Amino acid sequence: MVNHLVAKDLCFEYHGGIRALAGASVEIARGELVAVIGPNGSGKSTFLRCLAGLLVPSSGSVTVDGEGVVALPPRERACRIAVVPQFLPRLLDVRVSDFVLGGRYAHLGRWRSATQHDRAVVRSSLERCDSFDVADRLMSELSGGQRQRVLVARAIAQEAGLLLVDEPTNSLDPEHQLAVFRSIADLVAGGRAALVVTHDLNLASQFATRVLVMQNGRTVTDGAVDRVLTPEVLEPVYGPHLFFGRFSSGRPIVVPWADER
Amino acid sequence: MNPSPRRSRIFAASFVVLLVVLFFASTCIGPTVRFAPADAWRGILAMLGLGKPLDVATVQTILELRVWRALVTIGVGASLALSGGFIQGLFQNGLASPSLIGVTGGASLGAAVAVLIVGGYAPRLVLEHIDAGAYLIPLFGFIGAFATTAIVVYLASGGGRTSVTALLLTGIAVNMCVAGLFAALQSLTLANWEVSRAILAWTFGTLDDRTGYHAGVVFTGLALALACIPFTAVELDLLKGGESDAAAVGVDVARLKWTAIFAAAVSASAAVAVAGQIAFVGLVVPHLVRLAIGASHRVLLPLSVLGGAVFLLGAEFVQRWLLGDAALQPGVVMSLIGGPFFLVLLVRERREISAW
């Protein structure tokens, strides 16, 4: 189980010199659900991919429990960190249950195929994401929302201590947006950690233990929900068209507002 | 990832039965002598040192030639199909084939150089130590094929990563260079009838006069590639979601690529080294197996091995049976049926092509 992920001063440039990260840092410990917010192009997804060890930062370091994430063998890394990508590049001709079973890859031995235990994990992961009914369908037949939930299910099946989730609610209806965040929050309550890139400030408000704000490749603010989802922090980042309110629980509400100022 | 296991088992069993039947049929039936199955069996046992050879020595020799021919055919078909399975899995494209990474072109060049050496173009010192082209041509073919693939992979790799697109484009460019050199050799030797005929014949592919040496080469390549299956099959399945996605679930993508390219190169190189250019098997067999039983490489790769062996041995047997003395070289037959077949695949799969 991952206890502690630390990223310090990450910088990253894509080919052609596009600077995506220019000093991004974060610390995540067990039991934390960190929401990463920021405008389009602020480097959120690149940051997530660096944390996952899928991109190698040009400077800075990422460690899991003291070990450099880039140097970890891929299987070992996958046992500690699971990634939910924003989307898959192509329509897969793969059955949903087999796709989720792919999440068990790091746990399987070279000569061993999936055991009863692996299949049970796949089943419970699908159930957690309200997707068991599509287990026998092909990935290519699923709607965008169903596919998103299956991606989360695979990450759950991976049984990693840390989940890195890239915009999980993009194509989901409100009920399933809540369901996805609830299942992530449940995992965190069970002793894991999660970092979720999202544009939905209100889901972040309700579920995150901390909010991290990114701008121009830097992490500019990192703190409790109440301290970050405020006009003082968000207006310099997103601009003035925001309306701030409160849920009955007291948590902040932030919505786009086409006012006439 | 898991197609119906029953269906794959039925396919595997049918392929094995077909393979045994075709092996015996190709041994018994031929242009000169026709063996009764019992005689053929006795002759084969004699080859293994288990009993007396057939009564007439020449007849035993004919049988042994046919056995080696059939074995080499099996090895070549299996190797080419397995190589194609690896390449198609790696490129994530059901219309890819081993020649993309330079195997065929490289083998042609290597074999042509060997023909030149045998044909007297090498310094006397080398020539004095060479008995026959029989050994030299496969060896140079293999070196040419493997070296060309290595050059393609090396040039396509930058910063420790090998992108599949770069591999494809580099393969096309290197293939052009190799084809140019090959054409130059052909052109330079045009006046030497013997040599230019030998080079030309090699490009048609041949399975005649094969010996234990050829079988040894092709089955060594096949065995090395088979040994790579456990390290690549599940991983190639996971590659379907893209390289980054595979890496996220724990696949060592760089190692997967190297292993798959090595397996594809070593098996196809050995096959073309002993049999010359035989196109099409590496493309169509894994493609058809995928259509029939699904795309899981754990099943696809082993079944391609069996399917490739059955396909080439079957095609060879049928055409030699039908055409007799007029039988064509295997490479020619494969090209003749391969081109139209490839067109049919393309038309059928327009949807897939539009996604290239």
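The values are calculated or read from the model by the stated rules, or taken from the named source; none is laboratory data. Remember, predicted model here, so these are calculated numbers, not experimental data. With ideal geometry, Cβ positions are generated from the backbone for all residues, glycine too; neighbour counts draw on all protein chains shown. Please note that ligands, DNA and RNA were not included when accessible areas were found on the heavy atoms of the full protein model with its side chains. Shrake-Rupley method; radii C 1.70, N 1.55, O 1.52, S 1.80 Å.
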What is the helix-to-structure angle for A:144-157, meaning the angle in degrees between its Cα long axis and the longest Cα principal axis of chain A, kept from 0 to 90 and rounded to the nearest 10? 70 degrees
Segment A:1-67 shape via C-alpha gyration tensor axes, a/c threshold 1.5: oblate
Quarter of Cα convex hull surface for segment B:1-101, i.e. mean projection, nm²: 9.3 nm²
Please give every one of the aspartates and glutamates within straight-line cross-link reach of B:Lys52, meaning a C-alpha to C-alpha distance under 16 Å, and leave out same-chain neighbours fewer than 8 residues apart. B:Asp39, B:Glu64
Segment B:5-354: relative contact order from alpha carbon pairs under 8 Å, six or more residues apart, as a whole percent, is 29 percent
Along principal axes, Cα extents of segment B:210-356, largest first, whole Å: 58, 40, 22
Which of the helices in chain B, when you take each full DSSP H run, stretch at least 30 Å along the axis at their Cα atoms and have an average Kyte-Doolittle score of -1.0 or higher? B:5-28, B:57-91, B:133-156, B:164-188, B:212-238, B:253-275, B:297-323
Can you give the accessible area of B:Phe24, probe radius 1.4 Å, in Å² rounded to 10? 60 Å²
Take the alpha carbon atoms of segment A:198-261, find their radius of gyration, then divide it by 2.2 N^0.38 Å using N residues; give the quotient. 1.07
Please give the total accessible area that chains B and A bury against each other, computed with a 1.4 Å probe and expressed in Å² to the nearest 100. 1900 Å²
Given a Förster distance of 45 Å, the FRET efficiency implied by the Cβ-Cβ spacing of A:Phe244 and B:Val164, rounded to the nearest 0.05, works out to 0.40
Dmax and Rg, reported as Rg then Dmax, of segment A:171-214 (C-alpha, Å): 10.4, 28
Round to the nearest 10 and give me the degree value, 0 to 90, for the angle of helix A:116-128's Cα axis relative to the longest principal axis of chain A. 30 degrees
For the protein assembly as shown: span of alpha carbons on each principal axis (Å, largest first): 101, 51, 45
The protein assembly as shown - accessible surface per residue (Å², probe 1.4 Å): 44 Å²
Hey, which lysines would be in cross-link range of A:Lys44, C-alpha to C-alpha under 22 Å, not counting anything within fewer than 8 residues on its own chain? A:Lys8
A:Ser140 and B:Tyr121 label points (each 7 Å along its Cα→Cβ direction) are spaced in nm at 4.8 nm
So what does log10 I(q)/I(0) come out to for segment B:173-280 at q = 0.11, 0.21 Å⁻¹, using the Debye formula with one equal point on every Cα and no solvent? -0.54, -1.09
For A:Thr198, B:Thr170, B:Thr58, give the ranking by accessible area with the largest first, probe 1.4 Å. B:Thr58, B:Thr170, A:Thr198
Take the alpha carbon gyration tensor of segment B:5-354, find the square roots of its eigenvalues, order them as a ≥ b ≥ c, and report rounded if a/c is under 1.5; if not, report prolate when a/b exceeds b/c, else oblate. oblate
Can you work out the base-10 log of I(q)/I(0) for segment B:224-309 at q = 0.23 1/Å, using the Debye formula on its C-alpha atoms alone? -1.19
Could you pull out the GluC sites (Glu not before Pro) across segment A:166-261 that fall in loop regions by DSSP (anything but H, G, I, E, B) with no more than 16 other Cβ atoms inside 10 Å? A:Glu260
Theoretical FRET efficiency, 1/(1+(r/R0)^6), r = Cβ-Cβ of A:Glu76 and B:Ser244, R0 25 Å, to 0.05: 0.90
Give the dimensionless ratio obtained when the Cα radius of gyration of segment A:103-261 is divided by 2.2 N^0.38 Å. 1.21
For chain A, the longest principal axis of the Cα atoms and the Cα long axis of helix A:174-189 enclose an angle in degrees, to the nearest 10, of 80 degrees
